[in-house]
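Take a look at the structure set out below.
The values are calculated or read from the model by the stated rules, or taken from the named source; none is laboratory data. The structure presented is a predicted model; accordingly, all values stated were derived computationally and were not measured. For neighbour counting, all protein chains shown are included, and Cβ atoms are generated from backbone atoms with ideal geometry for every residue, glycine included.
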C-alpha cells in the first residue's frame with residue numbers, strides 16, 4: 001500500500017511539474033515586450049499615448065505637482081494626517097519623504113518611456129518623414145517639460161536622453177549642472193518647434209511648445225525671448241474664457257494651451273484631498289487665510305470658482 005501511495009504521489013508531482021512548465025510557456029496577454037509593441041505606426045501611437053498617460057501619475061499632475069507648489073508657497077495649509085505634507089509646509093524635509101521619492105520616480109519613468117519611443121521611431125517603415133517628425137516633436141516637448149519640472153524642483157539632475165534598455169544600464173548616472181539641464185530643455189524645444197501636426201485634446205501642440213519656451217525664457221531671465229514667444233502665442237488661436245469657472249469644467253476650452261486629461265474612468269484624487277470630510281474628502285490641504293485675503297473684494301468670480309465653504313476648501317478641482 002505504501003508503495004502504491006508513493007507511486008501516486010510521484011506521479012502527481014511529475015504532472016504538477018509538467019503543468020508548471022506549460023504555464024510558464026504561455027505568453028502574457030496584458031504585457032507586450034517593447035521590441036514587439038513598437039514595430040509600426042499603430043504601435044508608436046499607442047506608445048505615445050502611454051507617454052502622455054504618465055503625466056497622470058501621482059508624482060506628477062495626478063496630485064503632487066498640483067498640491068506641493070501651493071503648499072510650499074503658503075497658498076495652502078496642511079490640515080490632514082499625512083506627515084509628509086507637513087514637512088513641506090514646515091520646510092523641513094526628511095530623507096525618507098515618500099512624496100519626494102514619488103515625484104523623482106514618476107519623472108524618470110516618463111523620461112524612459114519617451115526615450116524608448118524616440119529610440120524605436122527611426123525603425124518604423126509605415127510612417128512618412130513628416131509623421132515621424134510630428135511624433136518626435138511631441139516626445140521632445142514631453143522630455144523638455146519633464147526636465148524643466150525636475151531642474152526647478154531639485155536643481156542639478158541627471159539629463160536622460162537615452163532609454164534604459166536593460167536593468168543596470170545607465171541607471172546610476174551623475175547629476176548634470178543646472179545650465180546643462182536648461183541647454184537640454186531648450187535643445188528639445190527648438191527641435192520640436194513648429195513640427196506638430198494638428199491638435200488633439202490632451203496632446204501637445206505647436207502652441208504648447210511656444211508656451212513652454214516662453215516659460216523657460218522667463219525663468220532664465222531672457223525677457224526678450226519670453227516676450228517674443230508669448231506674443232506669438234497670444235496672437236494665435238487662444239483666447240481667455242469669458243467665464244473664469246469654465247477653466248475648471250473638465251473640458252479643454254479656448255484658454256487651454258496644454259491639458260492633462262482625466263475622466264471618471266481614468267481619474268485622480270485631487271477632490272478627495274481638497275474637499276472636507278462632510279463631502280467625502282479627507283481635507284488634507286486647505287486654502288490659507290493669506291491667500292483668501294489677497295483676493296480683491298470685487299473679484300468674486302474668481303474667488304467663488306476657486307474656494308468655497310466654511311472652513312474653506314479648494315473647489316476648483318471638483
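Looking at (1) under 19 Å from the mean Cα position of the chain (by Cα); (2) outside any loop (DSSP other than H, G, I, E, B); (3) within 20 Å of residue 259 (Cα to Cα), which is the one condition that is false for residue 230?
Status for residue 230: all satisfied but (1).
Would you tally the residues in region 212-228 being crowded, with 18+ Cβ neighbours inside 10 Å and under 24 Å from residue 55 (Cα atoms)?
Here is the first cut: in region 212-228, the ones crowded, with 18+ Cβ neighbours inside 10 Å are 212-214, 216-217, 226.
So of that shortlist, the ones also under 24 Å from residue 55 (Cα atoms) come out as 212-214, 216-217.
Residues flagged as crowded, with 18+ Cβ neighbours inside 10 Å and under 24 Å from residue 55 (Cα atoms) within region 212-228 amount to 5.
Looking at (1) modelled with pLDDT under 95; (2) closer than 28 Å to residue 163 by Cα, which is the only condition residue 66 fails?
Among (1) modelled with pLDDT under 95; (2) closer than 28 Å to residue 163 by Cα, the lone unmet condition for residue 66 is (1).
In this structure, is residue 303 assigned to a helix (DSSP H, G or I) and surrounded by 15 or more Cβ atoms within 10 Å (Cβ to Cβ)? Please lay out each step first, then the result.
Working: assigned to a helix (DSSP H, G or I): yes; surrounded by 15 or more Cβ atoms within 10 Å (Cβ to Cβ): yes.
Considered against the rule, which asks whether it is assigned to a helix (DSSP H, G or I) and surrounded by 15 or more Cβ atoms within 10 Å (Cβ to Cβ), residue 303 comes out as yes.
Give just the number: which of (1) in a loop (DSSP other than H, G, I, E, B); (2) out of contact with any helix residue (DSSP H, G or I) (no Cβ under 7 Å at 6 or more places or on another chain); (3) within 19 Å of residue 69 (Cβ to Cβ) does residue 260 not satisfy?
Here residue 260 clears every test but (2).
What pairs come out if I take residues in region 131-159 that are on the phi < 0 side of the Ramachandran plot and free of Cβ contacts under 8 Å to residues at least 12 places away in the same chain and pair them with residues that are surrounded by fewer than 24 Cβ atoms within 10 Å (Cβ to Cβ) and outside any helix (DSSP H, G or I) whose C-beta lies under 9 Å away, six or more apart or interchain?
Sorted first by the residue in region 131-159, then by its partner, the pairs are 132/124.
Kindly establish whether residue 55 is exposed (fewer than 10 other Cβ atoms within 10 Å of the Cβ), over 21 Å from residue 315 (Cβ atoms) and modelled with pLDDT of 50 or more. Give the steps one after another, and end with the answer.
Details: exposed (fewer than 10 other Cβ atoms within 10 Å of the Cβ): no; over 21 Å from residue 315 (Cβ atoms): yes; modelled with pLDDT of 50 or more: yes.
Criteria not met by residue 55.
For region 72-116, which residues satisfy the criterion of being surrounded by 18 or more Cβ atoms within 10 Å (Cβ to Cβ), free of Cβ contacts under 8 Å to residues at least 24 places away in the same chain and within 24 Å of residue 147 (Cβ to Cβ)?
Once the filter is applied, which keeps residues that are surrounded by 18 or more Cβ atoms within 10 Å (Cβ to Cβ), free of Cβ contacts under 8 Å to residues at least 24 places away in the same chain and within 24 Å of residue 147 (Cβ to Cβ), region 72-116 yields 88, 100.
Scan 132, 162 and give me the residue that is over 19 Å from residue 62 (Cα atoms), in contact with a helix residue (DSSP H, G or I) (Cβ under 7 Å, 6 or more places away or on another chain) and at pLDDT below 95.
On the way: 132 fails: at pLDDT below 95.
Checking each option against the conditions leaves just 162.
Quick one: count up the residues across region 72-126 that are out of contact with any strand residue (DSSP E or B) (no Cβ under 9 Å at 6 or more places or on another chain), over 30 Å from residue 39 (Cα atoms) and outside any helix (DSSP H, G or I).
Count: 11.
Quick check on region 234-247. Is at least one of its residues touching a helix residue (DSSP H, G or I) at 6+ places or on another chain (Cβ under 6 Å) and within 30 Å of residue 79 (Cα to Cα)?
Checked against the condition, which is being touching a helix residue (DSSP H, G or I) at 6+ places or on another chain (Cβ under 6 Å) and within 30 Å of residue 79 (Cα to Cα), region 234-247 yields at least one hit.
Taking region 277-300 as the search range and keeping residues that are more than 22 Å from residue 249 (Cβ to Cβ) and in a loop (DSSP other than H, G, I, E, B), which one is modelled with the lowest pLDDT?
297
Looking at region 108-134 only, could you name the residues that are within 18 Å of the chain's Cα centre (by Cα) and closer than 17 Å to residue 200 by Cβ?
Scanning region 108-134 gives a single hit, 117.
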